[in-house]
Amino acid sequence: MININKSLARQWSRLGPRAIYGQSILEFAEENHKIFAISADLGNSSGLDRFKKAYPERYLNIGIAEQNMIGFSSGLSSCSYNVFVSSFAPFLSLRAGEQVRMNLSYMKSNVKLVAIGSGISMGFLGNSHFGLEDISIIRSLPNIAIVNPCDCVEVYKVIEALSNYTGPAYIRLTGVAGCPVVHNEDYQFELGKYHILTEGKDVLILTYGSMCSVSLKAANLLSNENISVSVVNIHTLRPIDNRLPDLINNYKYVLVVEEHSSVGGLNSIISEILIQHNLRTKAYKYISLPSSYLSSGTYEQLLKTYKLTTENIIETVKSLI
Amino acid sequence: MKLRISQDKYYKLTEVYDMNELPNHVLKRLSDEAYQVRNKILELSFKSGGGQHIGGGMSMVEIMCYLYGLKLNLNIKNKNSFDRDRFILSKGHGVLGFYPVLNKYGFISDELLSTYKTEGSELISHPIRNLDNAIESSNGSLGHGLSYGLGISLGLKSLNVKSKVYVLLGDGECNEGSVWEAAMSGSALNLTNITCIIDNNRFQSDGPTNEIINCVDLENRWKAFGWEVIKIDGHDFNEIHRAFSLTLDKPKLILASTIKGKGVDFMENNNAWHHGRLTEVLYQEAIKALEP
């Protein structure tokens, strides 16, 4: 078992979420002989170079053929394997969308989809490679768990949890190498249970993935101005934690922050909850990506262009209260 | 082309057959069973009413009777066991050639079969995975079954399980790009515990296959993708038997030439019966036409 501490968290952060996915699965595959990893010619990009050397009999580069990869993985999983499949978010959720529907959703195959480079972290690779709407797509297909870890430590925790989970899941990796650390030490990670990162009383920020660290920074700065903000990590977007309505009901002001289209992601989830549960919330806002194709830039530039920034969170919180 | 012929015998229960020719009593049994299955296809279609995928169900009957009546290591006792043989109906709309076969060989009861396309039934126009019914995978959308079968094939191989995998495709289904992704994969991985069969009845929903997408020469296409192709008459049990009995050192594709609507003269090669409705008069005519 790895001892998670500040220096390890930093080291992992430098390597980035893809590398830590590869490293995690490598570790868990040692004892769990049912773990199988498949990629559609993005093995190295998925941090699997060491895995394929260590477990060549449980690794396969199936070629640039995502549709076949999903159907194949599903058949393989019926032979008692827990199959981890990695590619870029749109290639899994859209290119192979119907294979995901028939195999993972309909037949509930024990396949884990690992979407590397989701959100807008692919920068100049552009819209073809962005994971703008992947949560929305997968969320409309029943039975598939959806998890988006907030930093590399949480990537490790998620892969650990899913190594022991039977059933289909979508793991969405956001952020890049050098992404900020949220967890400096080990903590209790539980699939389907939200995680309070910081507790305040005025405003509730619900977020996940790359936006956890940005939201935490904003909450910290706001506390200097005597605005008390909770930041809650909704790492599991399905199943959504059924304690969420009660949590939301403790706050007058709610803000969602996410690196995903405003359609079908956490904004939609929370909007649905607000309506269905008739909560006391006085004002609700969201900071999401627009439902459109985005302009060009580096990841950092795009985050600024689309206002996924500490400054914008601070401004939006102030406008809420 | 190097064909390595296996031991010229194979075993099913206590019977041993020469690989070139099935004994007459076995041929007679399989032919009778094929006749009964076709009768059941017509009966189900008529009783269920409305449009039914009859043509493509009738074209696959001999292949299915051979598999379930002779070839597959699959029976009511081992249907949930890991070491069973697997059959996948990739041409999912072919259920009329599937459910009656499962019924004939004891996997689904008369009672369950009689629920075909009734409210709440598991037996609908496309298969739904349920190992208790010996249905290995959910299909319906075309071009999914071969990938699924290849995954099983690699899984069994990696675990040293000797079971075989059989996947039935339609020739129209080969329009789907995903079929060719899978075809590439099968030969790249050199999976020899899988047999892919094409029910080559030369029609698809809107008409003759070669008029819609020029899909002629499937033989060379599959060869070019690295498969060993064996062409047979898909209604001749001896030819079917020979093709299935060959042991090859490449993935095997059986290109079975079949007749859509086989057995009922007015349905044969008449694509109105791709998805057609049997009135009472037509049903009686069809039953009569089917008689040997």
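The values are calculated or read from the model by the stated rules, or taken from the named source; none is laboratory data. In this text the structure is predicted, and so the values were computed from the model without any measurement. All Cβ positions, glycine included, derive from the backbone under ideal geometry; neighbour counts span all protein chains shown.
Just a few scattered comments:
- Among helices (runs of 4 or more DSSP H) entirely within the range B:207-292, having at least 2 residues that are farther than 18 Å from B:Ala182 by Cα and in contact (Cβ under 8 Å) with a residue 12 or more places away in the chain singles out B:209-212, B:237-245, B:280-290.
- Taking the range B:173-182 as the range and being more than 7 Å from chain A (Cβ to nearest Cβ), assigned to a helix (DSSP H, G or I) and not polar (S, T, N, Q) as the test, the residues that pass are B:Glu173, B:Cys174, B:Gly177, B:Val179, B:Trp180.
- Applying the condition of being more than 24 Å from A:Cys79 (Cβ to Cβ) and charged (D, E, K, R) to the range B:80-134 and asking which residue is farthest from the other protein chains (Cβ to nearest Cβ) yields B:Asp110.
- Just one of the numbered conditions (1) in contact with a Phe, Trp or Tyr (Cβ under 8 Å, 6 or more places away or on another chain); (2) farther than 30 Å from B:Glu291 by Cβ; (3) aliphatic (A, V, I, L, M) is not true of B:Leu72: (2).
- Positions within the range A:55-84 being surrounded by 24 or more Cβ atoms within 10 Å (Cβ to Cβ), more than 7 Å from chain B (Cβ to nearest Cβ) and hydroxyl-bearing (Ser, Thr, Tyr), in sequence order: A:Ser77
Listed here are the residues, each with its yes/no results for (1) within 20 Å of A:Glu259 (Cβ to Cβ); (2) not hydroxyl-bearing (Ser, Thr, Tyr).
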position: A:Gly131; (1), (2): yes, yes
position: A:Ala145; (1), (2): yes, yes
position: A:Leu173; (1), (2): yes, yes
position: A:Val181; (1), (2): yes, yes
position: A:Tyr208; (1), (2): yes, no
position: A:Met211; (1), (2): yes, yes
position: A:Val231; (1), (2): yes, yes
position: A:Arg243; (1), (2): no, yes
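- One residue from A:Ile120, A:Ile137 being of a type outside the set (D, E, K, R), over 30 Å from B:Phe82 (Cβ atoms), surrounded by fewer than 23 Cβ atoms within 10 Å (Cβ to Cβ) and not assigned by TED's automatic domain parsing to the domain that holds A:Glu300: A:Ile137
- Long-range neighbours under 6 Å by Cβ, at least six apart or interchain, first residue closer than 13 Å to A:Ile234 by Cβ within the range A:143-161, second of a type in the set (D, E, K, R) and in a loop (DSSP other than H, G, I, E, B): none
- Restricting attention to the range A:156-166, the residues being in contact with a helix residue (DSSP H, G or I) (Cβ under 8 Å, 6 or more places away or on another chain) and either surrounded by fewer than 19 Cβ atoms within 10 Å (Cβ to Cβ) or charged (D, E, K, R) (or both) number 1.
- Selection count where residues are closer than 17 Å to A:Ser210 by Cβ and either β-branched (Val, Ile, Thr) or not in a loop (DSSP other than H, G, I, E, B) (or both), scope the range A:137-166: 9
- Filtered residues of the range B:100-116 (kept if surrounded by 15 or more Cβ atoms within 10 Å (Cβ to Cβ), farther than 13 Å from B:Glu43 by Cα and touching a residue at least 24 places away in the same chain (Cβ under 8 Å)): B:Val101, B:Leu102, B:Asn103, B:Lys104, B:Tyr105, B:Phe107, B:Ile108
- The one condition from (1) facing chain A (nearest Cβ under 9 Å); (2) surrounded by 24 or more Cβ atoms within 10 Å (Cβ to Cβ); (3) under 17 Å from B:Glu228 (Cβ atoms) that B:Ile198 does not meet is (1).
- Odd one out for A:Ala9 among (1) assigned to a loop (DSSP other than H, G, I, E, B); (2) modelled with pLDDT of 95 or more; (3) closer than 18 Å to A:Val176 by Cα: (1)
- Among the residues listed as A:Ser45, A:Ser73, the single one being touching a strand residue (DSSP E or B) at 6+ places or on another chain (Cβ under 8 Å), part of a loop (DSSP other than H, G, I, E, B) and of a type in the set (Gly, Ala, Ser): A:Ser45
- Residue identified as under 20 Å from A:Lys34 (Cβ atoms), among the polar types (S, T, N, Q), within 10 Å of chain A (Cβ to nearest Cβ) and not in a helix (DSSP H, G or I) among B:Ser163, B:Ser153: B:Ser163
- Selection within the range A:167-195 - surrounded by fewer than 23 Cβ atoms within 10 Å (Cβ to Cβ) and either more than 16 Å from the chain's Cα centre (by Cα) or among the basic types (Lys, Arg) (or both): A:Gly167, A:Gly178, A:Asn184, A:Glu185, A:Asp186, A:Tyr187, A:Gln188, A:Lys193
- Checking the stated criteria, A:Lys52 turns out not to satisfy the condition of being surrounded by fewer than 24 Cβ atoms within 10 Å (Cβ to Cβ), assigned to a loop (DSSP other than H, G, I, E, B) and among the charged types (D, E, K, R).
- Meets criteria (within 14 Å of chain A (Cβ to nearest Cβ), within 19 Å of B:Leu67 (Cβ to Cβ) and among the acidic types (Asp, Glu)) for B:Glu239: no
- You will find that of B:Ser137, B:Ser185, B:Ser141, the residue that is part of a helix (DSSP H, G or I) and at the interface with chain A (Cβ under 8 Å from one of its Cβ atoms) is B:Ser185 and no other.
- Residue within the range A:88-108 that is part of a strand (DSSP E or B), within 14 Å of another protein chain (Cβ to nearest Cβ) and surrounded by 24 or more Cβ atoms within 10 Å (Cβ to Cβ) present: no
- Looking across the range A:109-130, the residues that are over 17 Å from A:Gly167 (Cα atoms), in contact (Cβ under 8 Å) with a residue 12 or more places away in the chain and not in a loop (DSSP other than H, G, I, E, B) come down to A:Ile116, A:Gly119, A:Gly123, A:Phe124.
- Summed over the range B:236-250, the residues that are under 26 Å from B:His53 (Cβ atoms) and either of a type in the set (Gly, Ala, Ser) or surrounded by fewer than 21 Cβ atoms within 10 Å (Cβ to Cβ) (or both) give a count of 3.
- Selection status of A:Ile25, hydrophobic (A, V, I, L, M, F, W, C), outside any loop (DSSP other than H, G, I, E, B) and either more than 14 Å from chain B (Cβ to nearest Cβ) or closer than 19 Å to A:Gly117 by Cα (or both): yes
- Scanning the range B:117-160 for residues that are surrounded by 24 or more Cβ atoms within 10 Å (Cβ to Cβ) and acidic (Asp, Glu) gives a single hit, B:Glu136.
- Taking the listed residues B:Phe87, B:Phe46, the one that is surrounded by fewer than 20 Cβ atoms within 10 Å (Cβ to Cβ), among the aromatic types (Phe, Trp, Tyr) and at negative phi is B:Phe46, with no other qualifying.
- A single member of A:Ser296, A:Ser291, A:Ser271 is small (Gly, Ala, Ser), in a loop (DSSP other than H, G, I, E, B) and out of contact with any Gly (no Cβ under 8 Å at 6 or more places or on another chain), and it is A:Ser291.
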